[in-house]
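**Q** Got a structure here, written out as structure tokens. Questions coming.
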Amino acid sequence: MEVGDVVAEFPTAGPARARSASGRSYDIEWSACPWPSGSNGNEPPGQSVVRDVPHDLERSDRIHPLLAARFSPYKFDPSGLVDDHALELLLEAARWSPSAGNSQPWGFFPVRPGEPHHERVLRHLAPSSARWAADAGLLVVALTRRDVDDSGTVYSEFADYDLGQAVAHLSIQAQAMGLASHQFRAFDLEALTGELRPNPGWSIVSMIAVGRAADEPPVVRERRSTADLRAAPWRPVGDL
């Protein structure tokens, strides 16, 4: 498979026995999309807290395989290049994201290893992200337009929300092309803003590393249950 191909086959890895962080055991049937074994060479942590709530680990086969197989790698293959065509497709996917009033308040600063601006971004990464993001074939600085300019006039009160949708589109397009993506905020925001100096009204929000994953997706990825998604906003504070 070459980067740019659409993943169409998702073989089943078979049953597995998994154990959650809370100690529960589950029998699951895991369907996963394997990462491509290679390309022709020319194409393309922080701590988290998991609350002890019911998890649904058996139903990833009910959603689209691109969504079920997506994961955020902590290791990228440095030989997994992202060429101009692949970069254009990723930005095209983001371009077609919905936004409030069609305001499209997103902007991107993409850099790749060997390009002049790559080091400008790389040097502002935190040690926790630099150890894996440096090997990605592409780093994308994600910006949003909150204000019209420096006058304080709001451009879009939904700017951050809409940027998130655009990045989600980009990440799923990457998945369809046999690429992996990892969104992160482990960088010096003030220093990177000073380095890139976006126009007034624009703000750097996050970064996305894109490339060929060099580690395997976890057999089990804990997710809160759909029932908890409905109940959590109204749960008594003491139960959170």
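**Q** With Rg and the Kirkwood Rh both taken from Cα atoms, where does Rg over Rh land for region 165-240?
**A** Taking Rh as the inverse mean 1/r over Cα pairs, Rg/Rh reads 1.09.
**Q** Could I ask something else about it? Could you order the peptides 212-220, 61-69 from most to least packed, using the average number of other C-beta atoms within 10 Å per residue? Could the numbers behind the result be given before it?
**A** Details: 212-220: 16.9, 61-69: 13.8.
Top to bottom by mean Cβ count within 10 Å: 212-220, 61-69.
**Q** When a/c reaches 1.5 or more, the comparison of a/b and b/c decides; with that in mind, is region 99-205 rounded, prolate or oblate per its Cα gyration tensor? Let's see the in-between values first.
**A** Details: a/c = 2.30, a/b = 1.32, b/c = 1.74.
Judged from the Cα gyration tensor, region 99-205 comes out oblate (a/c at least 1.5, b/c at or above a/b).
**Q** Can you compute the FRET efficiency between residue 74 and residue 151 using 1/(1 + (r/R0)^6), with r the Cβ-Cβ distance and R0 = 30 Å? Round to the nearest 0.05.
**A** Numbers: r = 42 Å, r/R0 = 1.39.
For residue 74 and residue 151, the calculated efficiency is 0.10.
**Q** Just to verify a number: FRET efficiency for residue 67 and residue 115, C-beta to C-beta distance, R0 = 30 Å, to 0.05? Kindly include the intermediate steps, with their values, before the conclusion.
**A** Working: r = 31 Å, r/R0 = 1.03.
With R0 = 30 Å, the Cβ-Cβ based efficiency is 0.45.
**Q** Going highest first, how would you order 122-131, 224-233 by mean Cβ packing within 10 Å? Could the numbers behind the result be given before it?
**A** On the way: 122-131: 15.2, 224-233: 11.9.
Highest-to-lowest ranking by the protection proxy: 122-131, 224-233.
**Q** Still on this model: Take the alpha carbon atoms of region 82-146, find their center, do the same for region 176-200, and report the distance between the two centers in whole angstrom.
**A** 6
**Q** What do you get when you divide the Cα radius of gyration of region 72-141 by 2.2 N^0.38 Å, with N the number of residues? Write down the numbers at each step before the final one.
**A** On the way: Rg = 13.8 Å, N = 70, 2.2 N^0.38 = 11.1 Å.
Relative to the 2.2 N^0.38 Å estimate, region 72-141 comes out at 1.24.
**Q** Continuing with the same structure: Using 0.36 nm times the number of residues separating residue 172 and residue 230, minus their current alpha carbon distance, what extension gain do you get? Working shown, then result.
**A** On the way: separation 58, 0.36 × 58 = 20.88 nm, distance 2.49 nm.
Gain in length upon complete extension: 18.4 nm.
Each value in this text was obtained by applying a stated rule to the coordinates, not by laboratory testing. Here the structure is a predicted model, which means the values were calculated and not measured. All Cβ positions, glycine included, derive from the backbone under ideal geometry; neighbour counts span all protein chains shown.
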